[in-house]
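Worksheet: the structure to be examined is printed underneath.
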Amino acid sequence: MNILKKSKIKEKGFIGAIGDDLPSLIPIFLGLIIFFSVFLSTYNTYKSNTSLYSLRQEAISISMTIKSEPLISDYNHFQKICNKVSTTKEWNAFITSLPINIELQNQNQIEINNITKLYNTQILTYIEDYQNPDPKRYICKDNLEKLENILNTEDITKKKIVYLYPITLQQGEYATPAKLYVIVSDKWKKEAWKSMLDEIITKFRNKKGQAAITDALFFLTIIVTLSVLLFRFSSTYGDRIDLATSNLYFKEYSNSAMKTIFYTEVPLDFSQDINEDTKEVDYLMTSIKSDFYIDGVIGDGGDTSNHDQINLITINSKDIQKFNLYHTLKAVMNPLPTYDYLFYLYNTTTAQFEYVLIKINTYQKDEDAQLRPYEVNYISENTVPKYYLCKPIDYETIRDLVSNVNQVYASSIPLLFTSKTIDNQINSTFAIWASTPSITEEKLLSEELNCNYIDDELLKEDIITYNSNYID
């Protein structure tokens, strides 16, 4: 018996009971390394995107509070609205001009660096206080120092969110469009994952146990599966968060644009902006309703069977309302050049469109791209914005057109237009979407949509001729 024990001890590779479990430690440690690497990466992604999503939500919430009233009547009214904002984040907001004439608009993108250059020269001054050496400016709580601190691009520890919305501001005697910038910032939380890692490691140091090689391999399989699922979650989480916040922002932008259209005052002549020479003004939508009352048509009705005449802006005194609506829509959407849009007034009483404006970015085909026969490539850098007035044959035609885009952000308001003979229920709708080559000029010029291109250069020449004849 002793001889057998001695020979067994002398067998090659025998190191005792602990040695039997050593091979199982390799997959266990490998599994733990894989799991915690993926887990911590997922956790960091989750925390970062959740924090960003929270910041964006807070920025939109602040914007909705400031935009809660359709018209900001003066400086004191603006400050009163700013005082209603309740948040734990660092924030501020200011207002700059939004000329109806888009040639006067600043084309800078919504970025921190650009705003830093713009805010000090373009923030509107309270018009009744402009001669003051230290005039009141439309900055929330009139705190320029706080605004500069938020806009400090050298502080890399801060997240910053900037949102832009069109609003209507009463400047002296006139209500004109303006741009509202809302900036919200928050500190990065860099150490959160480290404290969590320390806590996990401490717990595992206090645990002891053994496992056989089969159990260890099974454990490794589970760990790898969980790691793949976590990696898949982390790789798409940021995109989902970005999509959710973008949807919320652009929905709010379309609502703000609609309110701006309704509360903006426009000159009752062919000048695009209100100035000291403007003799008569009215709210844009009020002037359109007044024009509609006369003959049941917006603008120069003429022969209503002539669609070409209805779908053009003619430079005569009867088409001023159509002209003003066109330029107001262009101005409101000018800060978003990569988005197309549609505005229409649909008469549900007569089942016909009273006004339809469509803006698209036209794309140039890339003829040099080596693609399959059924594929077409477009050059996004060479897009050209084009505007059309249309007279669709029915409501389904517009619905089919919009169905060609992926995501539409729309806002609608019911109206009552009265003519001499009948009350008309009008559906006013404004919709925006990311530019896409799927809506082409050929579709707009079809008989179903019956659109006519608006040539701004010809409009300018006609206005010059009209004004010279008017003066004479």
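Coordinate-derived values only; no laboratory data. None of the values given here were measured: they were computed from a predicted structure. So basically every Cβ, Gly included, is an ideal-geometry build from the backbone, and we count neighbours across all protein chains shown.
Here is how the numbers come out for the structure above:
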item	result
Nearest-0.05 FRET efficiency for Ser317 and Asp277, computed from C-beta distance (R0 22 Å)	0.80
Spin-label model distance (nm) - Asp400 vs Ser438, 7 Å beyond Cα toward Cβ	1.5
Long pairs among Lys67/Lys179; Lys179/Lys330; Lys259/Lys460; Lys136/Lys179; Lys318/Lys420; Lys322/Lys460, criterion Cα-Cα beyond 21 Å	Lys259/Lys460
Order of His327, His77 under a 10 Å beta carbon neighbour criterion, fewest first	His77, His327
Ascending count of other beta-carbon atoms within 10 Å, so fewest first, for Ser254, Ser412	Ser412, Ser254
Which of Lys391, Lys279 has the fewest Cβ neighbours within 10 Å, and the rest in rising order	Lys279, Lys391
